[in-house]
There are 2 protein chains.
Amino acid sequence: MSDNNMFSPVENREPLSKVIALQIERAILTKQFLPGSKIPSEFELCEQFSVSRTSVREAIQTLTAQGLLTVIKGKGIYVNDISIESVVDPLHKYLTLKLEREYVLDIVHARQIIEPGIAYYAALNHTDEDLVQLRNDIKGLEDCEGGYSELAKLDTSFHMHLAKASRNYVMPLLLEPIHRLNPDFKSFVYATVGEAKEMAVIWHKKIIDAVIDRDAEKARETMQEHLKIAEKHAEMMLAAANKEKL
Amino acid sequence: MSDNNMFSPVENREPLSKVIALQIERAILTKQFLPGSKIPSEFELCEQFSVSRTSVREAIQTLTAQGLLTVIKGKGIYVNDISIESVVDPLHKYLTLKLEREYVLDIVHARQIIEPGIAYYAALNHTDEDLVQLRNDIKGLEDCEGGYSELAKLDTSFHMHLAKASRNYVMPLLLEPIHRLNPDFKSFVYATVGEAKEMAVIWHKKIIDAVIDRDAEKARETMQEHLKIAEKHAEMMLAAANKEKL
DNA sequence: GAACATATTGTTGTCTGACATAAAATTACT
DNA sequence: AGTAATTTTATGTCAGACAACAATATGTTC
């Protein structure tokens with residue numbers, strides 16, 4: 001590849017829009033543009049970068065897709081306070097695209113691997129505020145008069161709050177896509193398994209008791225048993241669904 | 001909201017580019033467009049959607065930013081085989097922006113939550129083939145003459161294979177972003193902590209022994225201890241890195 | 001002077017047409 | 001047949017225009 005030319009070939013220039021997107025991203029990541037604030041309008045950016053509006057707009061489009069910006073028609077372009085959506089969404093997309101066959105049981109099994117550990121550390125690291133939220137979730141589940149999807153949502157909420165209580169900043173990001181992978185699946189469980197709600201309340205209470213006692217081992221074991229039952233419920237649901245098909 | 005108008009007001013229309021992007025995304029997620037394949041050119045998409053090239057291009061831009069498409073000038077638009085990068089990138093961005101401090105320790109803590117569970121189920125569900133791979137990884141680490149990054153890679157390989165051995169199809173997908181998040185971090189550990197390699201070999205062996213015995217509890221506990229040490233090493237590495245800065 | 005309706009301005013969304021540039025396909029020439 | 005030149009196809013960028021929305025300024029009425 002080495003040659004004796006005096007001049008090296010002009011580097012394969014990146015598209016302008018990419019270059020611009022990168023510069024704006026830098027400005028955001030280095031906090032020259034603060035979350036919530038408005039950044040210069042498209043026209044001003046055109047002038048600053050000396051490019052056409054097309055290129056600026058495509059750059060903005062890119063950053064919007066990455067969750068860094070929000071564009072409001074007629075108002076302007078604003079820097080987002082980066083949300084967990086920007087992480088959860090890609091992971092969710094990744095999982096749906098990567099998982100081929102029926103994955104209902106895989107999800108339960110994944111939870112069996114992850115969530116006992118979460119319960120363990122939630123018992124050790126939780127705050128009073130966490131307890132308030134967890135108690136709220138249980139009470140909501142207990143009092144819930146709504147439909148099955150409502151029940152499913154409250155159930156999920158408990159597990160997500162527990163992940164938050166573990167005081168690990170990465171776990172909620174991993175757990176949410178997993179719970180989000182089945183918007184309907186849990187509802188079906190509640191619909192087909194009569195005892196599901198009562199069991200959920202009972203076990204969630206057992207878990208929170210262990211957490212309150214800061215008994216990490218017990219919290220883990222309880223969660224493990226809880227998810228063993230969840231697995232059984234999932235199997236019952238699948239069996240019922242199959243029977244219905246025939 | 002009910003009114004007696006004959007016509008309901010035109011719904012607050014989403015930007016065309018968003019609508020188009022969503023439709024193409026659907027087509028990809030439902031595998032009407034397969035990874036690696038070429039999708040219709042901008043002009044053809046214009047016709048199919050009956051919109052201008054501008055709108056199509058902005059939609060493409062969005063999907064490219066999300067990692068679903070790759071555009072090659074003069075050739076066309078191709079569907080990506082969605083890569084782990086599209087997950088790691090947002091995760092990395094989120095953590096750097098959200099957590100003020102180093103997130104190295106958060107990663108280790110997340111592993112402490114996840115990986116003991118993986119070891120537990122790997123002990124129960126592994127096959128002979130898994131054992132071959134795991135032994136290979138350990139041997140590779142032991143014999144490794146290469147640099148620190150080589151060591152780090154072999155170390156990671158062991159943990160990924162263990163996740164695979166758990167026979168859960170979701171776990172490797174979740175674990176990979178975490179391990180991928182620090183291509184350099186582990187290398188630094190090996191570089192700054194002298195005993196790191198020997199310790200890794202010793203503990204990996206302990207873990208695989210428990211796995212071979214199908215002693216799930218022991219496998220979990222061993223992994224827990226292993227990651228406690230990993231945490232210590234990470235702290236040492238951070239301390240060394242800070243000292244160097246001063 | 002205050003309240004409301006109207007006009008103006010600034011901003012993003014979309015369209016059209018044009019040319020530049022890269023890659024692939026075709027044609028022409030040896 | 002093999003290679004070089006040309007044409008075609010496709011993306012990248014530009015410019016100008018108008019529509020749609022939001023905020024501001026202006027004017028009118030009481």
So for region A:186-238, taking the charge dipole from beta-carbon charges (+1 Lys/Arg, -1 Asp/Glu), which of A:T192, A:I202, A:L227 sits furthest toward the positive end? A:T192
Given charges at Cβ of Lys, Arg, Asp, Glu: the protein assembly as shown dipole, positive-most of B:L174, A:G36, B:S50: B:S50
For region B:16-79, with only Lys/Arg (+1) and Asp/Glu (-1) charged at the beta-carbon, what is the dipole magnitude about the Cα centre, in debye rounded to 20? 140 debye
Give me the base-10 log of I(q)/I(0) for region B:30-164 at each q in 0.15, 0.21 Å⁻¹, Debye formula, one uniform scatterer per Cα, rounded to two decimals. -0.94, -1.20
Reachable lysines from B:K38, Cα under 26 Å, same-chain residues fewer than 8 places away excluded? A:K18, A:K93, A:K98, B:K18, B:K73, B:K75
Would you work out which of B:L131, B:S17, A:L154 lies farthest towards the positive end of the dipole of the protein assembly as shown, given +1 charges on the beta-carbon of Lys and Arg and -1 on that of Asp and Glu, about the Cα centre? B:S17
Connecting every pair of Cα atoms under 10 Å apart in chain A and solving the GNM, the largest mean-square fluctuation among A:L16, A:L105, A:L174 falls on A:L16
Measure out, as a whole number of angstrom, how far apart the alpha-carbon centroids of region A:202-246 and region A:116-150 sit. 14 Å
Let me know the mean shielding of B:60-73 by other chains, meaning the per-residue number of their Cβ atoms within 10 Å of its Cβ. 4
What are the lysines whose alpha-carbon lies under 23 Å from the alpha-carbon of A:K205, with same-chain residues fewer than 8 places away excluded? A:K139, A:K153, A:K164, A:K186, A:K197, A:K218, A:K228, A:K232
Just tell me which aspartates and glutamates come within less than 18 Å, Cα to Cα, of A:K31; anything on the same chain fewer than 8 places away is out. A:D81, B:E100, B:E102
What FRET efficiency would be calculated for the residue pair A:A240, A:T96, taking the C-beta separation as r and a Förster radius of 30 Å, to the nearest 0.05? 0.80
Added length on full extension, which subtracts the Cα-Cα distance from 0.36 nm per residue, A:R180 to A:L29: 51.5 nm
Note down the magnitude of the dipole of region B:85-245 about its Cα centre, charges +1 on Lys and Arg C-beta and -1 on Asp and Glu C-beta and zero elsewhere, to the nearest 20 debye. 320 debye
With the calculation restricted to Cα positions, what are the radius of gyration and Dmax of region A:16-79 in angstrom? 10.5, 27
Helix-only mean residue ellipticity at 222 nm for chain A, each DSSP H run of n ≥ 4 adding -39500 (n - 2.57), per residue, nearest 500: -23000 deg cm²/dmol
at B:E129 the sorted inter-copy label distances (label 7 Å from Cα on Cβ side), in nanometres, are 4.8
Given Cα positions, please report Rg to Rh for the protein assembly as shown, the hydrodynamic radius being the Kirkwood one. 1.00
Could you pull the copy-to-copy label distances for B:L97, with points set 7 Å along Cα to Cβ, in nm to one decimal and sorted shortest first? 2.0
Value of relative contact order over chain A, rounded to a whole percent, pairs C-alpha under 8 Å and six or more apart: 20 percent
Distance (nanometres) between label positions extended 7 Å along Cα→Cβ at A:D209 and B:E195: 4.2 nm
Calculate I(q)/I(0) for chain B by the Debye formula, one identical point scatterer on each C-alpha and no solvent, and give its log10 at q = 0.13 Å⁻¹ to two decimals. -0.89
If we hang a label 7 Å off Cα along the beta carbon direction at B:E47, how far is it from the matching labels on the other copies, in nm, shortest first? 4.3
Using Cβ contacts closer than 10 Å as the measure, can you line up B:R101, A:R135, A:R214 from fewest to most? B:R101, A:R214, A:R135
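The numbers here are math on the coordinates, done by the rules we state, and not lab data. Small disclaimer: the values here were computed from a predicted structure and weren't measured. Don't worry about glycine lacking a Cβ; one is built from the backbone with ideal geometry, like all the others, and counts go over all protein chains shown.
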